[in-house]
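Following: one structure in structure tokens, then a few remarks.
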Amino acid sequence: METPIADFVRRYADSGMVRAHMPGHKGKPFLGCEALDITEIQGADSLYEADGMILYSESHAGELFGSGRTVYSTEGSSQCIRAMLYLALTCGNGSRTVVAARNVHRSFVYAAALLDFEIVWLWPECSTSLCGCPVSAETLERTLATLPAPPAAVYLTSPDYLGSVADISALAEVCRKYGTLLAVDNAHGAYLRFLEPSCHPLDLGADLCCDSAHKTLPALTGGAYLHISRAAPVSLRENAKTAMAMFGSTSPSYLTLASLDLCNRYLADGYRERLREMCGHLNEARKTLAAAGWQIEPSDPLRLTVKAPSGMTGGALADRLRENGVECEYADPDFLVLMLTPENSAADIERLLHAFGTNDAVYVPQPPLPLARGEQVCSVREAMFAPRETIPAAQSLGRVCGAPTVGCPPAIPVVVSGERIGPEALELFRRYGVEQVEVLR
């Protein structure tokens, strides 16, 4: 598969041109990659007005993912999430409401502040992690049936940070029945398209979907895709670039664009087989860990999610691995998450298994976490733009949340802007180590 962006920046790096243009490093090797780092010079196209090599490269990505249209982001799925919501609100059924599973990334909350839409939350029937919010088709249908009109979109995060995958097919069917779009934050699942059969949200009925290529594919940090389904309204495809431009820098990274371009060739050239082999290796690793006494949680195929046993936290388990030369993706009081790809070696997996060793501690049933269903005092936008102050989380009972304060990862808010902080939220603050919160003055 052709790689027009990568080829262009390499030709320019070798051309000997005097760089009387941005960036200021002028191609000199301060880090080593600068020769390939360019701006929108003659022939380099322009990301948000693409009609040349970027458009051509994006069309290759669209073919690989089977989309109606795919556009690039150099600012991660956070940019794509804002663009998805803008498209749903401006090109959909006219509603200003979005129904969303509660385990949203904080970029969703920031989008609500910028776009000023109403949120109807989908809550889990039982929660064991801030990261999870399992939603059944029945729950979604009950929620949609109570609304006076269909929302602009239903918004889900799948896979979530622990690797739980929603039943997209069933949820998409409910969305079609009620005349609303299904938008999926698939930041952790770009590779799902290349499983056999595909488990990618687009193939399961989603209308809009974002993938962080950099999370599971060999792309530089920030490289992501916004996908629009072939079955989605044409206006979504027509307005995709406008939506992305609203929330993106006018100085996109050509290093990141080149890596997305090269990723097309990588995906087209034997990736399915390499992915299948790695999934097989990880299945064997799960069996080995389970035999060694560790509780392995269900997850998407390229993730290992391990429950911390009694007397140990996920953070302590992460320290144990780190001492043995293995860095994890995420750890909290209850879970440890590791993400691997075909670029990890068999030796990496052996080292990982050695780092875990055996577990002799017991597992006890985990009580469900409280649901922080705070009273909505004002809109997200009103709260985010109001005067705020930072106070100790332990002293925040009864105050109104101003801005999300959970770090990344997992960047999932305990309390959302505009909600009154209740005792359940205080318990979750303590559990997840949130020491300060921003509240309205």
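The values are calculated or read from the model by the stated rules, or taken from the named source; none is laboratory data. Remember, predicted model here, so these are calculated numbers, not experimental data. Note that each Cβ is placed from the backbone with ideal geometry, even for glycine, and that neighbours are counted across all protein chains shown.
Miscellaneous remarks
- Filtered residues of region 381-409 (kept if among the basic types (Lys, Arg) and within 17 Å of residue 118 (Cα to Cα)): 381
- Some residue of region 358-365 being within 23 Å of the chain's Cα centre (by Cα), aliphatic (A, V, I, L, M) and at pLDDT below 95: no
- From the options 75, 58, residue that is charged (D, E, K, R) and surrounded by fewer than 21 Cβ atoms within 10 Å (Cβ to Cβ): 75
- Residue in region 177-185 that is among the acidic types (Asp, Glu) and buried (at least 24 other Cβ atoms within 10 Å of the Cβ) present: yes
- Selection within region 66-84: residues that are assigned to a helix (DSSP H, G or I) and not small (Gly, Ala, Ser). The member of this set that is farthest from residue 154 (Cα to Cα) is 79.
- Just so you know, in region 85-128 the residues that are closer than 22 Å to residue 235 by Cβ and in a loop (DSSP other than H, G, I, E, B) include one that is modelled with the lowest pLDDT, and it is 92.
- Residues that are free of Cβ contacts under 8 Å to residues at least 24 places away in the same chain number at least 3 in the following helices (runs of 4 or more DSSP H) confined to region 284-398: 314-323, 346-356.
- Search result, residues across region 1-57 that are aromatic (Phe, Trp, Tyr) and either without any contact (Cβ under 8 Å) to a residue 60 or more places away in the chain or under 17 Å from residue 220 (Cβ atoms) (or both): 8, 12, 30, 56
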